[in-house]
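The values are calculated or read from the model by the stated rules, or taken from the named source; none is laboratory data. Values in this document were obtained by computation on a predicted structure and should not be read as measured data. Using ideal geometry, Cβ is built from the backbone for each residue, glycine included, and neighbour counts are taken over all protein chains shown.
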Amino acid sequence: MDFKSLTQARLDALKEIVNIGVGNAVTALSQLIDDKIMMTVPVIDVLPFGELSEASGGGDAYVAGVYLRIAGAISGDILFIMPVQEAKKLASLMLKQQSDDPALSEMECSAVKETGSILTGSFLNALSELTSLSFSYSVPYFCTDIFEAILGSILYNLGAVGDCALFIKTELYHKTEKLVGNFFFLPQANSLDLMFESIGVKN
Amino acid sequence: MINVNLMITVGIAELRVARFPTNLFVIGLGSCIGVCLYDRVTQTGGIAHVMLPALINARGNVNRAKFGDTAVEALLEELLKAGAVGSGIVAKIAGGAHMFHLADDRNSMKLGERNAASVKLALKKCNIPLVAEDTGGQHGRTIILDTATGCVLIKTINYGEKII
């Protein structure tokens, strides 16, 4: 099956998984930096490739991307994207130090990579628990570049089977500071069916 | 100077044709390839935003713009429909980078390279000369096809700008 043919019941179930997953991730992040982090209810959507960049704030944006491959009962890809400016803020939260350099230092890259890994990892753990399906994921891969260039390079896996991806937009708040991060969850088509069967949403 | 007001954006797995004074624009090519075809006589150009090397690997998909082996032919057809003269059409390509270092996956590692190879083969089959290219590396590229001259402006984040 394809994302396009998702029923409302399945889409709702997916939203619930995403909610729990991102909730777990934010808890993990709060514990890590030992300070309160809030989140808005994630917006999830099924979008054709052509609309993904617009939805996430412009294809020419300079972003940091953390990418993990998923293999096992569920297989696919997951990508966490953040504008470099936001990634700077996130890094300064993690490292508890500010820097004036507009580029990300090696240490900051590492901090963002770890955070992306924690966020995606928590989401995947929730998914695994809720579906009772076991799968593993790769180490995180990191790069900074033009948004479209990163996304386009990930989409190939799904590109062979469909034209849509699941898009999850999260907004995190630390005190008054807003951090926007976007997830792109790209399960293989057969994984999606298996996922819904496991949680009992047949159609 | 490229006219940025009249610009058509070519999204992932799309193909578009334009005639002077309208230019074509692709934001962020990673491992994807931007295939630019241009006919100087009619000042008509086209770009296909190729994502994957071959249609053979896909199931039940008919979007020809997405695949290197089918996109060139499809783009050429559109260009001729738009009035371009077949004998004068030349090609320039950009993209095909290797964005993430995936130690565990040999296929994706070479996706950019494979895309470039498949596009070059398709150009040869269609007898279109490849006059310039900027491919490979580990960085994304934003490209603009100037339909006045057939020049392709390539912009990157940390690797400057160039015209091919």
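Which count do you get for residues in segment A:14-33 that are out of contact with any helix residue (DSSP H, G or I) (no Cβ under 9 Å at 6 or more places or on another chain) and of a type in the set (Val, Ile, Thr)? Residues that pass the stated criteria total 0.
From B:128, B:89, B:143, B:163, grab the single residue that is closer than 17 Å to residue B:28 by Cα, surrounded by 16 or more Cβ atoms within 10 Å (Cβ to Cβ) and either in contact with a strand residue (DSSP E or B) (Cβ under 8 Å, 6 or more places away or on another chain) or not aliphatic (A, V, I, L, M) (or both). Quick ask: steps written out before the conclusion?
Details: B:128 fails: closer than 17 Å to residue B:28 by Cα; B:89 fails: closer than 17 Å to residue B:28 by Cα; B:163 fails: surrounded by 16 or more Cβ atoms within 10 Å (Cβ to Cβ).
Sole residue among the options that is closer than 17 Å to residue B:28 by Cα, surrounded by 16 or more Cβ atoms within 10 Å (Cβ to Cβ) and either in contact with a strand residue (DSSP E or B) (Cβ under 8 Å, 6 or more places away or on another chain) or not aliphatic (A, V, I, L, M) (or both): B:143.
Scanning segment A:102-116 for residues that are under 15 Å from the mean Cα position of the chain (by Cα), away from chain B (no Cβ under 14 Å) and crowded, with 20+ Cβ neighbours inside 10 Å yields a total of 2.
Residues of segment A:100-128 that are in contact with a strand residue (DSSP E or B) (Cβ under 6 Å, 6 or more places away or on another chain) and among the small types (Gly, Ala, Ser): A:116 alone. Under the condition of being at pLDDT 90 or above and within 14 Å of another protein chain (Cβ to nearest Cβ), the residues counted in segment B:1-20 number 2.
Checking the conditions here, which among A:136, A:99 is at pLDDT below 85, of a type in the set (S, T, N, Q) and surrounded by fewer than 24 Cβ atoms within 10 Å (Cβ to Cβ)? Sole residue among the options that is at pLDDT below 85, of a type in the set (S, T, N, Q) and surrounded by fewer than 24 Cβ atoms within 10 Å (Cβ to Cβ): A:99.
Pairing each residue of segment B:114-142 that is free of Cβ contacts under 8 Å to residues at least 60 places away in the same chain with any residue that is of a type in the set (Lys, Arg) and crowded, with 16+ Cβ neighbours inside 10 Å, provided the two are 6+ apart or on different chains, yields C-beta distances under 8 Å for B:130/B:92; B:130/B:120; B:131/B:92; B:132/B:92; B:133/B:92; B:134/B:141. The one condition from (1) farther than 24 Å from residue A:72 by Cβ; (2) buried (at least 21 other Cβ atoms within 10 Å of the Cβ) that residue A:185 does not meet is (1).
Considering A:131, A:144, which residue is at negative phi and either touching a strand residue (DSSP E or B) at 6+ places or on another chain (Cβ under 9 Å) or within 12 Å of another protein chain (Cβ to nearest Cβ) (or both)?
Working: A:131 fails: either touching a strand residue (DSSP E or B) at 6+ places or on another chain (Cβ under 9 Å) or within 12 Å of another protein chain (Cβ to nearest Cβ) (or both).
Just a single option satisfies the conditions, and that option is A:144.
In this structure, residue B:121 does satisfy being assigned to a helix (DSSP H, G or I) and either facing chain A (nearest Cβ under 9 Å) or surrounded by fewer than 16 Cβ atoms within 10 Å (Cβ to Cβ) (or both). Selection over segment B:21-71 of residues that are within 16 Å of residue B:153 (Cβ to Cβ), modelled with pLDDT under 90 and among the small types (Gly, Ala, Ser) gives a count of 1. Restricting attention to segment B:124-159 and to residues that are over 16 Å from the mean Cα position of the chain (by Cα) and away from chain A (no Cβ under 14 Å), the residue that is nearest to residue B:89 (Cα to Cα) turns out to be B:127.
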